[in-house]
Structures are given as C-alpha cells and as structure tokens.
Amino acid sequence: MVSRIVIRPDLADALLGLDGYSHLIVVFWPHLVPDDVRGSKHRLHPRDDERNPLMGVLATRSQIRFNPLLVTAVRLLAVKGNVLRVRGLDAVNGTPVLDVKPYLPRFDAISEAQVPQWVLDAQERARRGA
C-alpha cells in the first residue's frame, strides 16, 4: 500500500538528499490507541492470535505498549516538496510521524538476526492466508 507522509512545510528543506535512499525508517505515534488501553497488557498473544504463544508485550511489536513509539522500515517511492510517498507504512491515516531516518543497510540490517519459531509459523500462516 502506498502512503503519503506530509512533513511540515517549514521543514521541507530537511528532506534534501533523502531521495537518494531506497528505504526509510519511520518513527510514529499510534494516536488512536486509547489511554486506558496503552500499557494495559503486560502479556498477550501476538496479533491477538491464540495460536501464537503468550508473550511479554516488549517481546512483540504490539501497539499496546507503555511508551508506544512505533517504528517501521518503508520503501521510499518519491520526495516532492514536503511530501514523501512510501510503501509499507503500517500506520493509519493521520498518524503523527515523529521522525524519518534513511535506512542504512550496514547499520540497520543484521544478517545473523534470529526470531522464535512461532514468528516463522505465523509468517507462513499469513503467506497461506490461514
């Protein structure tokens, strides 16, 4: 899905040179998570799917965090004025974007990173549409 990130017009100059990168890291605030829900769960089944094991919230990518700063890597499609067109932003329309950083493979990709088996299983279920 293609999204637009609109930067304050007075900050448009801060985007100079960003178009040379293929990917960005976007830091955003999940503003639609109600205050009484934020940090309300210390343990949960990731993606609210009971086929996934019970995990501590900090071992998940849930938006129900104590300090819900969310981060995602996106593909940069275009920079025009104060608007970034990106693909892969997992935020809803109107979500406040706090920061944008260029993705640097040397520093941001960890080739030996590992995940628990349940993550691989969940990814396979999603791929199959189950």
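Restricting the search to the range 9-46, which residues are in contact with a helix residue (DSSP H, G or I) (Cβ under 9 Å, 6 or more places away or on another chain) and under 21 Å from Asn93 (Cβ atoms)?
The answer is Leu24, Ile25.
From (1) farther than 22 Å from Ser22 by Cα; (2) assigned to a loop (DSSP other than H, G, I, E, B), pick out the condition that doesn't hold for Trp118.
It is condition (2) that Trp118 fails.
Would you confirm whether or not the range 48-57 contains a residue that is farther than 16 Å from Thr72 by Cα, touching a helix residue (DSSP H, G or I) at 6+ places or on another chain (Cβ under 8 Å) and free of Cβ contacts under 8 Å to residues at least 40 places away in the same chain? Before you say what the answer is, go through the steps one by one.
Kept after step one, since they are farther than 16 Å from Thr72 by Cα, are these residues of the range 48-57: 48-57.
Now drop any that are not touching a helix residue (DSSP H, G or I) at 6+ places or on another chain (Cβ under 8 Å), which leaves 49, 51-53, 55.
Add one more test, that the residue is free of Cβ contacts under 8 Å to residues at least 40 places away in the same chain, and what stays is 55.
Within the range 48-57, one or more residues are farther than 16 Å from Thr72 by Cα, touching a helix residue (DSSP H, G or I) at 6+ places or on another chain (Cβ under 8 Å) and free of Cβ contacts under 8 Å to residues at least 40 places away in the same chain.
Out of the residues in the range 24-36 that are β-branched (Val, Ile, Thr) and modelled with pLDDT of 85 or more, which is surrounded by the most Cβ atoms within 10 Å (Cβ to Cβ)?
Val26
Can we say Pro30 is touching a Lys or Arg at 6+ places or on another chain (Cβ under 7 Å), in a loop (DSSP other than H, G, I, E, B) and in contact (Cβ under 8 Å) with a residue 24 or more places away in the chain?
The answer is no for Pro30.
Quick one: what pairs do we get from the range 81-95, first residue within 10 Å of Met1 (Cβ to Cβ), second among the hydrophobic types (A, V, I, L, M, F, W, C) and in a loop (DSSP other than H, G, I, E, B), C-beta under 8 Å, 6+ apart or different chains?
Close Cβ pairs (under 8 Å, with a partner that is among the hydrophobic types (A, V, I, L, M, F, W, C) and in a loop (DSSP other than H, G, I, E, B)) amount to Arg87/Met1; Gly88/Met1; Leu89/Met1.
Being within 18 Å of the chain's Cα centre (by Cα), in a loop (DSSP other than H, G, I, E, B), of a type in the set (S, T, N, Q) and exposed (fewer than 15 other Cβ atoms within 10 Å of the Cβ), is that true of even one residue in the range 37-49?
For the range 37-49, residues within 18 Å of the chain's Cα centre (by Cα), in a loop (DSSP other than H, G, I, E, B), of a type in the set (S, T, N, Q) and exposed (fewer than 15 other Cβ atoms within 10 Å of the Cβ): absent.
State whether one or more residues within the range 7-23 are touching a residue at least 12 places away in the same chain (Cβ under 8 Å), surrounded by 15 or more Cβ atoms within 10 Å (Cβ to Cβ) and under 23 Å from Ala126 (Cβ atoms).
yes
The values are calculated or read from the model by the stated rules, or taken from the named source; none is laboratory data. These numbers come from a predicted model, not from an experiment. Cβ coordinates were reconstructed from backbone atoms using ideal geometry, including for glycine residues, and neighbour counts include every protein chain displayed.
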